[in-house]
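Undergrad: Take a look at the following structure, please.
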Amino acid sequence: MSKLILILALAGTIAACSSPIKLSEVSVEDKSGQASVAMKTLTPATTAAAGDKKSNVATLDTTAGAKSSTGTDALAAANARTIYFEFDSFAIRPEYQAIIETHARNLKVNKNQRISIDGHTDERGGREYNLALGQKRADAVRKALSLLGVADTQMESVSFGKEKPASTGDSEMAMEKNRRAEIVIR
Amino acid sequence: MTKFLLSLAIMFMGNHAFAQFRVEVSGAGLTQLPIAIAPFKGNEGMTQKIAAIVQADLERSGQFRSVDSAGAVLDENSRPDLPNWRKQGADALLTGSVTRVGDDRYELRFRLWDSVRMQDLGGQSHAAPAAELRRVAHRIADSVYEKLTGEKGVFATRIAYVTKSASIYNLWVADSDGESAQSALRSVEPIISPSWSPNGNQLAYVSFESRKPVVYVHDVDTGKRRLVANFKGSNSAPAWSPDGKTLALTLSRDGGSQLFVLDVGSSSAEPRRLATSTAIDTEPVFTADGRFIYFVSDRGGSPQIYKIPAAGGTAERITFTGGYNISPTLSPDGRWLAYISRVAGAFKLHIQDLGTGQVLALTETLADENPSFAPNGRMIIYATQQQGREALMTSTIDGKVKARLAGQSGDLREPDWGPLIPQ
């Protein structure tokens, strides 16, 4: 008798595949030999994904016509406008004073000239904290130029953190090349 | 303590052929609920294997261990032989079916059984097009998780992350397992620090596309966005207040990296200074009640995590172990603080019990970054380096169960775990 109920239940299952039969109406036999219990209804999910607006993402593509700014300019050009820093340091070493003085002179003569001072770090550590460290380097160069009489309105110090390494790789030599501030004429 | 490592590799067909899902279990003293998940009837021959997706979700949570169900022919209408499943080690059994009900329309049904108490724990039915089947599978995993643990599941949530591949940066919105990723933004310049709005509709992030860091708020559904912080200097580290009305962020416009709050509702809002220091202050994050902001500062000589009232006031130092602690993220219940700490030159994910101050290192990797709590506070997603590539991982808050997320090719970084999606 109980076997028959099971067969009927399975038949009901197959029927359920094509018709919207309520699952609660399907009686089920208990193979474990215990008393058969009425199966709980399958709750229709209110979250039916069909109406799930969360699945749509519109893509915004800003790459058309855009060209990546170089983090790896030719070294010769870079030398005249790049100040390198020691590990965990924001102090401008004496050998870079000449570069800063050259830029200060030019900026004081050309009052309409604007520059960006881009701070960079090596790849160690978090992106946001490195952004702040790079900012400190850029600010150090901005202050040095300011002390030489360059107007604040001509300068903007910003940071790229570790996002634009000049040299890839994790050798100490590569990381030295990355701890830098670049003076970029706008 | 001797640590032993047990690796389980589960291969299944995902969106990409042979997407690999890998769960690592380490350490003793794990209590995991053994569950058998029968293949969903009618799912044969389909790309998305519902049972495999549910199984991967549950295993990644660390709360479940799967029991082999190979060969089981069951669906939600079957009355399973529970004593036999119990004998095979399964305390719970999930059965279900996939039925095609129209052109690109499927019905997924499932039923959960408790083989210890011999009980039917109920089930559900979901209707969805083929493209939504993964999402439904995550919903099913959430139902099972909630039924068996009593806590909210987070599998049907979304994550955001950034990839760099061949000099192109993409900001992706994906399922919590990294799959079904859709690009929200494509750029030739870096994108960092995506942060979900509390309602899960918008992402704030830092973009370098104007050759400096600026902050956008981007509506994910429409792709429309607004430049909210483009002040002189650098604009970075956006973090939403729990009411979604303000962003805390780092601006260098007045000199140095300093914390501000900005009203995001108004386009002419002036940022209000939150704290003033001569040091670096950055990486703000609100507590769930909105009353405090945790942040990173090197005011004490090295980067450490501090806490300040959201209305401004005196900062209190929170981390004392180690000389470099950054990137704070808080569990929604406020009990846990996860962050990255430098230990012997390596950057490792740590978690601190804010009640006791006790700190635990969660990882063995060397370059962990940017942790973000799951909205139920039970898992953390973070970026790390594996085999020379940047990859996304999840870890349970005890560090015992970790999984590398599938996803796009290239370097995967900057994950942010989105909120629970209202049902």
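Undergrad: Taking only C-alpha pairs under 8 Å that are 6+ residues apart, what is the relative contact order of the stretch B:298-423 in percent?
TA: 16
Undergrad: Which positions within the stretch B:65-112 get 50 Å² or more of their accessible surface covered by the other protein chains, compared to the chain by itself, with a 1.4 angstrom probe?
TA: Flagged in the stretch B:65-112: B:77, B:79, B:109, B:111.
Undergrad: On to the next question. Through the Karplus equation 6.51 cos²θ - 1.76 cosθ + 1.60, θ set to phi - 60°, convert the phi angles of the stretch B:286-297 into ³J(HN,Hα) values in whole Hz; use x for Gly and Pro.
TA: The phi angles translate into 7, 6, 4, 8, x, 7, 10, 10, 8, 7, 9, 9 Hz.
Undergrad: Roll a 1.4 Å probe over the protein heavy atoms and report the accessible area of residue B:333 in Å², nearest 10.
TA: We get 110 Å² for residue B:333.
Undergrad: While we're here: Please express the Cα-Cα pair-distance distribution P(r) of the stretch B:38-101 as a list of whole percents, one per 10 Å bin, running from 0 to the bin with the greatest distance.
TA: Distribution as computed: 20, 52, 26, 2 percent.
Undergrad: Continuing with this model, one more query. Bin all alpha-carbon pair distances of the stretch B:200-275 at 10 Å intervals from 0 and give each bin's fraction as a whole percent.
TA: The percentages, shortest bin first, are 20, 56, 22, 2.
Undergrad: Now a separate question. Amide H to amide H, which residues 5 or more places from residue A:114 or on other chains are under 5 Å from it, using H placed in the peptide plane?
TA: Residues meeting the amide H criterion: A:186.
Undergrad: What accessible area, summed over both chains, is buried at the A-B interface (1.4 Å probe, Å², nearest 100)? Each step should come with its number before you reach the end.
TA: Details: alone 12840 and 18580 Å², together 25260 Å².
Buried area between the two chains comes out at roughly 6200 Å².
Undergrad: Would you please state which residues of the stretch B:87-105 a label at residue B:119 would reach in this model, taking the label point 7 Å out along Cα→Cβ and a backbone N cut-off of under 16 Å?
TA: Under 16 Å, as judged by backbone N against the label point of residue B:119, lie B:91-94 of the stretch B:87-105.
Undergrad: Using a probe of 1.4 angstrom, how much of the accessible area of the stretch A:87-127 is carbon and sulfur, in percent?
TA: Working: 1070 of 2190 Å².
With neighbouring chains kept in place, the figure for the stretch A:87-127 is 49 percent.
Undergrad: Return the long-range amide H neighbours of residue B:246 (sequence gap of 5 or more, or a different chain), with a cut-off of under 5 Å between placed amide H atoms.
TA: B:241, B:264
Undergrad: Give me the percent relative contact order of chain B, please, defined on Cα pairs under 8 angstrom at least 6 residues apart. Working shown, then result.
TA: Numbers: 1101 pairs, mean separation 49.5, N = 423.
Relative contact order for chain B comes out at 12 percent.
Undergrad: Measure off 7 Å from each Cα along the Cα-to-Cβ vector at residue B:356 and residue B:165, then give the distance between these two points in nanometres to one decimal.
TA: 4.3
Undergrad: What distance in nm separates the two pseudo spin-label positions at residue B:267 and residue A:110, each 7 Å out from Cα along the beta-carbon direction?
TA: 3.5
Undergrad: Using the Kirkwood formula over every pair of different C-alpha atoms, what hydrodynamic radius in Å results for chain B?
TA: Values: mean 1/r = 0.0444 Å⁻¹.
So the Kirkwood estimate lands at 22.5 Å.
Undergrad: Averaged per residue, what accessible surface does chain B expose to a 1.4 Å probe, in Å²?
TA: 37
Undergrad: Sorted by accessible area with a 1.4 angstrom probe, largest first, how do A:180, A:186 fall?
TA: A:186, A:180
Undergrad: With r as the distance between the Cβ atoms of residue B:105 and residue B:199 and R0 = 30 Å, compute the FRET efficiency 1/(1 + (r/R0)^6) and round to 0.05.
TA: So the FRET efficiency works out to roughly 0.55.
Undergrad: List, in the order given, every pair from B:147/B:348; A:162/B:307; B:41/B:402; B:152/B:402 whose Cα-Cα distance in the structure shown is over 24 Å.
TA: With Cα atoms farther than 24 Å apart: B:147/B:348; A:162/B:307; B:41/B:402.
Undergrad: Further question on the same structure: Quick one: helix B:50-60 against the long Cα principal axis of chain B, what's the angle to the nearest 10°, folded into 0 to 90?
TA: It is inclined by approximately 50 degrees.
Undergrad: Choose one answer from B:370, B:84, B:325: the residue with the largest mean-square fluctuation in a GNM of chain B with alpha-carbon springs under 10 Å.
TA: Highest fluctuation of the listed residues: B:84.
Undergrad: If amide H atoms are built 1.01 Å from N in the plane of the peptide, which residues on other chains or at least 5 residues away come under 5 Å of the amide H of residue B:237?
TA: Long-range HN contacts for residue B:237: B:250.
Undergrad: Quantify, in whole percent, the carbon and sulfur part of the accessible surface of the stretch B:54-183 (1.4 Å probe; protein heavy atoms only). Display every interim value, and only then the final one.
TA: Numbers: 1760 of 4110 Å².
Roughly 43 percent of what the probe reaches on the stretch B:54-183 is carbon or sulfur.
Undergrad: Give the accessible area for residue A:168 in Å² (nearest 10); use a 1.4 Å probe, count only protein heavy atoms, and leave out ligands, DNA and RNA.
TA: Estimated to the nearest 10 Å², residue A:168 gives 120 Å².
Undergrad: Convert each backbone phi in the stretch A:95-110 into a coupling constant with the Karplus relation 6.51 cos²θ - 1.76 cosθ + 1.60 (shift: θ = phi - 60°), then list the ³J(HN,Hα) values in order as whole Hz, x for Gly and Pro.
TA: My calculation for the stretch A:95-110 gives 5, 9, 4, 4, 4, 5, 5, 4, 5, 4, 4, 4, 5, 6, 6, 9 Hz in order.
Undergrad: Once every DSSP H run of n ≥ 4 in chain B is given -39500 (n - 2.57) and the sum is divided by its residues, what mean residue ellipticity at 222 nm do you get, rounded to the nearest 500 deg cm²/dmol?
TA: So the calculated ellipticity at 222 nm is -2500 deg cm²/dmol.
Undergrad: Which FRET efficiency, nearest 0.05, do residue A:153 and residue A:102 yield, Cβ-Cβ r, R0 30 Å?
TA: Efficiency, from the Cβ-Cβ distance: 0.90.
Undergrad: Would you please give the FRET efficiency between residue B:321 and residue B:277, computed as 1/(1 + (r/R0)^6) with r the Cβ-Cβ distance and R0 = 22 Å, to the nearest 0.05?
TA: E between residue B:321 and residue B:277, to the nearest 0.05, is 0.50.
Undergrad: Further question: Mind pulling the angle between the C-alpha long axis of helix B:133-149 and the longest principal axis of chain B? Nearest 10 degrees, somewhere in 0 to 90.
TA: 90
Undergrad: For the residue pair residue B:130 and residue B:88, what label-to-label distance in nm results when each label sits 7 Å from Cα along the Cα-to-beta-carbon direction?
TA: According to this spin-label approximation, the distance is 3.0 nm.
The values are calculated or read from the model by the stated rules, or taken from the named source; none is laboratory data. Just so it is clear, the structure is predicted and the values come from calculations on it, not from any experiment. Every residue, glycine as well, gets a Cβ built from its backbone with ideal geometry; the counts of neighbours run over all protein chains shown. Please note that ligands, DNA and RNA were not included when accessible areas were found on the heavy atoms of the full protein model with its side chains. Shrake-Rupley method; radii C 1.70, N 1.55, O 1.52, S 1.80 Å.
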